[in-house]
Amino acid sequence: MITPRVLLTTGGAGFIGSNFVHYCQGQYSKGQYSKGQYSEICVLDALTYAGNRATLGDLEGQDGFHLIEGNICDAGLVAQILAAHQIDTVVHFAAESHVDRSISGPAAFVQTNVVGTFTLLEAFRHHWQERGKPEQFRFLHVSTDEVFGSLGPDDPAFSEVTPYAPNSPYSASKAGSDHLVRAYFHTYGLPTLITNCSNNYGPYQFPEKLIPLMCINILLGKPLPVYGDGQNIRDWLHVEDHCRALEAVLLKAKPGETYNIGGNNQVKNIDIVEQICDLMESWAGELPISPKKLITFVGDRPGHDRRYAMNIAKIQRDLSWQPHYDFATGLKQTVDWYLTHRDWWQPLLSDEYQGYYAALYGDRP
Ligand code: NAD
Ligand code: DAU
């Protein structure tokens, strides 16, 4: 019999965080665990451009669910939430997460990803120590495969012992936060866990990322910007599989452990874009222009990592976790979701987004 947890998810109004909150509420049929795992779920989210209150609209007002608008860098607020709700489990998603934005504006990445993570760790450490270091407490830090750098075509996949070699301000800030989390386990014995995951896809991803951007631009008849030669490789994992992995780590892993999570699914960017074009073309509705005609090769992302791949043997062996989705099924489901959820993404194409888009793609060679 497991005692229900009192959960704080930071960044729970973003892409993966909101999927995780819905998953914990037992809303996904493939979920292994029931709603009873959590007696209360709090979300702390600054509702930056990437956070969306509407994504959690179905949960607001429900017993045991609290959405708190606030910044993880606000030490007083974090301490107050931990105490008031008697939090025993933190799942830390909040971050600046987009590599292109980290190139044009790195300061916010250092602030949220490094200082914000430090602020949370300090608050959670005091909270845990003041309560006599209870056994059940956990701090799960959600990180990325990008901390390991870039692979050549024949290099073996990243494992948990691959040395860190981050190449963008985003990945460097995530690497910094990973090191802080590790240090809090080794120095204070704080029961931390780290996961490093590959590229996620699925519902509720902000329009700036590759898959939603391609879906939305096809629907709007806008060019599909493929960076460089389009041969960069990412290892794609459906977000629901990521949520199952996080829950397995939370419930079964020993404090201090790190786990790599990925889909065993390496795909070239250009192949994904073409698959999205084909899926859209087979849709019964009308498109402004045949999608493949919109594919446009544009100047490369500075410092663009060539290839990521994750060795997931450790989580498969220790925690019996496997990705469930095959990519063809998951991508079709995701494309269908963007086709049928215009009411979700249309309001996100705000003036701020248009300004960001024009600055990134406007004068690109
Ligand atoms: P996202 O950008 O969609 O969401 C981030 C959320 O954090 C938003 O709701 C935003 O409002 C919130 N936030 C940002 N700064 C904040 C602050 N200072 N205080 C409180 N809230 C703040 O990101 P995502 O794609 O859902 O990624 C979530 C986490 O998972 C990140 O830590 C990211 O590094 C990691 N990750 C993402 C992927 C991926 O493919 N998306 C893969 C591996 C790891
Ligand atoms: O690997 C995990 C990471 O995946 C996460 O840590 C990040 O938070 C998440 O944003 C994602 O990073 P990427 O940079 O890989 O994702 P993005 O969707 O921005 O780009 C995926 C690939 O597609 C990358 O090689 C760049 C390319 N791309 C992207 C965009 C937005 C294009 O070719 N054109 C585009 O317009």
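The values are calculated or read from the model by the stated rules, or taken from the named source; none is laboratory data. Everything quoted here is computed from the prediction, not taken from an experiment. Methodologically, a virtual Cβ is constructed for each residue, glycine included, from the backbone with ideal geometry; neighbour enumeration extends over all protein chains shown.
Listed here are the residues, each with its yes/no results for (1) over 16 Å from TYR204 (Cβ atoms); (2) within 16 Å of ligand 2 (Cβ to nearest atom); (3) surrounded by fewer than 16 Cβ atoms within 10 Å (Cβ to Cβ); (4) modelled with pLDDT of 90 or more.
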residue: TYR33; (1), (2), (3), (4): yes, no, no, no
residue: LEU44; (1), (2), (3), (4): yes, no, no, yes
residue: HIS66; (1), (2), (3), (4): yes, no, no, yes
residue: ASP88; (1), (2), (3), (4): yes, no, no, yes
residue: PHE93; (1), (2), (3), (4): no, yes, no, yes
residue: ARG101; (1), (2), (3), (4): yes, yes, no, yes
Pairs returned, first residue in the stretch 131-151 that is more than 16 Å from ligand 2 (Cβ to nearest atom), second residue that is among the small types (Gly, Ala, Ser), beta-carbon separation under 8 angstrom, 6 or more apart or interchain, are LYS133/GLY189
Tell me whether the stretch 68-90 contains one or more residues that are over 19 Å from GLY303 (Cα atoms) and within 16 Å of the chain's Cα centre (by Cα). yes
Quick check on the stretch 197-210. Is at least one of its residues more than 25 Å from LEU360 (Cβ to Cβ), modelled with pLDDT of 95 or more and surrounded by 20 or more Cβ atoms within 10 Å (Cβ to Cβ)? no
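Can you tell which of LEU190, LEU224, LEU213 is among the hydrophobic types (A, V, I, L, M, F, W, C), more than 22 Å from the chain's Cα centre (by Cα) and within 14 Å of ligand 2 (Cβ to nearest atom)? Working first, answer last.
On the way: LEU190 fails: within 14 Å of ligand 2 (Cβ to nearest atom); LEU213 fails: more than 22 Å from the chain's Cα centre (by Cα).
Only one candidate qualifies: LEU224.
Among the residues of the stretch 47-59, write down those that are buried (at least 20 other Cβ atoms within 10 Å of the Cβ) and near ligand 1 (Cβ under 9 Å from one of its atoms). Let's see the steps before the verdict.
Kept after step one, since they are buried (at least 20 other Cβ atoms within 10 Å of the Cβ), are these residues of the stretch 47-59: 50-52, 55-56.
Residues satisfying the conditions are ALA50, GLY51, ASN52, THR55.
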Identify the residue in the stretch 72-86 that is assigned to a loop (DSSP other than H, G, I, E, B) and surrounded by fewer than 21 Cβ atoms within 10 Å (Cβ to Cβ) and, among all such residues, is farthest from ligand 1 (Cβ to nearest atom). GLN86
Failed criterion for LEU193 (all others in (1) under 22 Å from VAL99 (Cα atoms); (2) buried (at least 21 other Cβ atoms within 10 Å of the Cβ); (3) of a type in the set (A, V, I, L, M) hold): (1)
Out of the stretch 251-278, which residues are away from ligand 2 (no atom under 16 Å from the Cβ) and either in a loop (DSSP other than H, G, I, E, B) or crowded, with 20+ Cβ neighbours inside 10 Å (or both)? ALA253, LYS254, PRO255, GLY256, GLU257
Qualifying residue in the stretch 88-111 (condition: away from ligand 1 (no atom under 15 Å from the Cβ) and assigned to a loop (DSSP other than H, G, I, E, B)): yes
Which pairs have Cβ atoms under 9 Å, sit 6 or more apart or on different chains, and link a residue in the stretch 212-230 that is among the basic types (Lys, Arg) to one that is outside any loop (DSSP other than H, G, I, E, B) and buried (at least 16 other Cβ atoms within 10 Å of the Cβ)? LYS222/ILE216; LYS222/LEU294
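Identify, from the list GLY70, GLY51, GLY105, the residue that is farther than 12 Å from LEU7 by Cα, in contact with a strand residue (DSSP E or B) (Cβ under 9 Å, 6 or more places away or on another chain) and within 16 Å of ligand 2 (Cβ to nearest atom). Steps first, please.
Numbers: GLY70 fails: within 16 Å of ligand 2 (Cβ to nearest atom); GLY105 fails: in contact with a strand residue (DSSP E or B) (Cβ under 9 Å, 6 or more places away or on another chain).
On inspection, the qualifying residue turns out to be GLY51.
If a residue has to be in a loop (DSSP other than H, G, I, E, B) and in contact (Cβ under 8 Å) with a residue 40 or more places away in the chain to count, how many in the stretch 279-294 make the cut? Lay out the reasoning, then the answer.
Narrowing the stretch 279-294 to residues in a loop (DSSP other than H, G, I, E, B): 282-290.
Now drop any that are not in contact (Cβ under 8 Å) with a residue 40 or more places away in the chain, which leaves 283, 285, 287-289.
Result for the stretch 279-294: 5.
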